[in-house]
1. Quick one: residue 92 ticks every box in (1) within 19 Å of residue 71 (Cα to Cα); (2) assigned to a strand (DSSP E or B); (3) touching a residue at least 24 places away in the same chain (Cβ under 8 Å) except a single one, so which number is it?
2. Can you tell me which condition residue 153 does not meet? The list is (1) farther than 30 Å from residue 269 by Cα; (2) modelled with pLDDT of 95 or more; (3) touching a helix residue (DSSP H, G or I) at 6+ places or on another chain (Cβ under 8 Å), and all the others hold.
3. Can you name the helices (runs of 4 or more DSSP H) wholly within the range 171-264 that have at least 2 residues being under 23 Å from residue 152 (Cβ atoms) and more than 25 Å from the chain's Cα centre (by Cα)?
4. Cβ contacts < 7 Å: first residue in the same structural domain as residue 70 (by TED's automatic domain parsing) and at positive phi, restricted to the range 1-20; second residue surrounded by fewer than 13 Cβ atoms within 10 Å (Cβ to Cβ) and part of a loop (DSSP other than H, G, I, E, B), any location; separation 6+ or different chain. Result?
5. Would you say residue 279 is assigned by TED's automatic domain parsing to the domain that holds residue 162, touching a residue at least 40 places away in the same chain (Cβ under 8 Å) and over 23 Å from the mean Cα position of the chain (by Cα)?
6. Checking the conditions here, which among 81, 89 is more than 30 Å from residue 4 (Cα to Cα), surrounded by fewer than 18 Cβ atoms within 10 Å (Cβ to Cβ), within 22 Å of the chain's Cα centre (by Cα) and in the same structural domain as residue 20 (by TED's automatic domain parsing)?
7. Could you give me the residue pairs with C-beta distances under 7 Å whose first residue belongs to the range 31-51 and is crowded, with 19+ Cβ neighbours inside 10 Å, whose second residue is part of a helix (DSSP H, G or I) wherever it lies, and which are 6+ apart or on separate chains?
8. Look through 114, 137 and report the one residue that is in a helix (DSSP H, G or I), over 19 Å from the mean Cα position of the chain (by Cα) and without any contact (Cβ under 8 Å) to a residue 40 or more places away in the chain.
C-alpha cells in the first residue's frame, strides 16, 4: 500500500517551502487541479510556478528540491533542450515522487511577471509582496477547441492524405517501424484533430476535448468511437492495412460533416482517388 500524501499536505508543503525562502516571492498553481469540472484522480500533478528573485541560484544547487519528497525520477527540460543557461529567466523541474505524487515546478524570474501570459486555469496561492493583480476565477477557456478555419481544415485533409501514401509505402516495403510511425504519429494525429473539431461541434465548443483527444470518447457518437478504436492494431501487416483504410473511412465521413457544417470546401474526388491508390499499392504488395 502506497503511503501517499493528500492534496492538503502537498499544497501546505509547496506553499511552506516558498514561504520559508526569501528568494521566492509568489506561488501560482495552474492546470487541471484548478478546474472543478475535471474529476480528480491519483495521477493529477501539481502545476506550480514559483516567482523568484534569481532563477540561477535554484539551478546551480538543486539539492533544495529534496524538500519536496523522495524522488522516483526527475527531468529538467530546459537543460535537455539547450535553453539553459542561454536564457536564465525560466527553469522547470519535473518531479515524480515515490508516493505517486508529481510536481511540475517552473521557476520564473519575477521581473518577467508583467509579460507572462495569464493561464485561465490559474490560482494565486501566495503573494508575499501583494503586487500581483487579482486573478479571475479559474476556468478552462484557454483550453476549449476553436472552430477550424478554411485553411486549417484544408491543411488537415491534405496532410492526412499525403502521409497516408507514406504508410502504404512502408507497408509495401515491410518497413514496420517506419509504417507504424507515420501511421500513428502523423496520419492518426490529423484524424484526431478532425475528430476533435467534430466533438467540439457536438458540444458547441464548450467542452475541453483534452490533450491528444483524451476525452473524445465522451463527446463523439458511440458508433464513431467504436470504429475509431479499430484503428489501433498490432504489428501484423494485414491488420495495419485494415487500420489505414478504417482511418480513411472515418476521416471521409467526418470531414463531410465538418465541411457541411462550416461551408468549408472538401475535395471528395481527391480523397477517393488517394484511397484507390492505397488499395492498388496493397494489391501489388500481395503479388
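1. Status for residue 92: all satisfied but (3).
2. (1)
3. Passing ranges, in order: 237-262.
4. Every condition considered, no pair remains.
5. Numbers: assigned by TED's automatic domain parsing to the domain that holds residue 162: yes; touching a residue at least 40 places away in the same chain (Cβ under 8 Å): no; over 23 Å from the mean Cα position of the chain (by Cα): yes.
Considered against the rule, which asks whether it is assigned by TED's automatic domain parsing to the domain that holds residue 162, touching a residue at least 40 places away in the same chain (Cβ under 8 Å) and over 23 Å from the mean Cα position of the chain (by Cα), residue 279 comes out as no.
6. Every option except 81 fails the conditions.
7. If the second residue must be part of a helix (DSSP H, G or I), the pairs left are 46/10; 46/14; 46/33; 48/14; 50/18; 51/110; 51/113.
8. Working: 137 fails: in a helix (DSSP H, G or I).
Exactly one residue qualifies, and that residue is 114.
The values are calculated or read from the model by the stated rules, or taken from the named source; none is laboratory data. Please read all numbers here as calculations on a predicted model, not as lab measurements. Cβ atoms come from the backbone with ideal geometry, glycine included; neighbour counts cover every protein chain shown.
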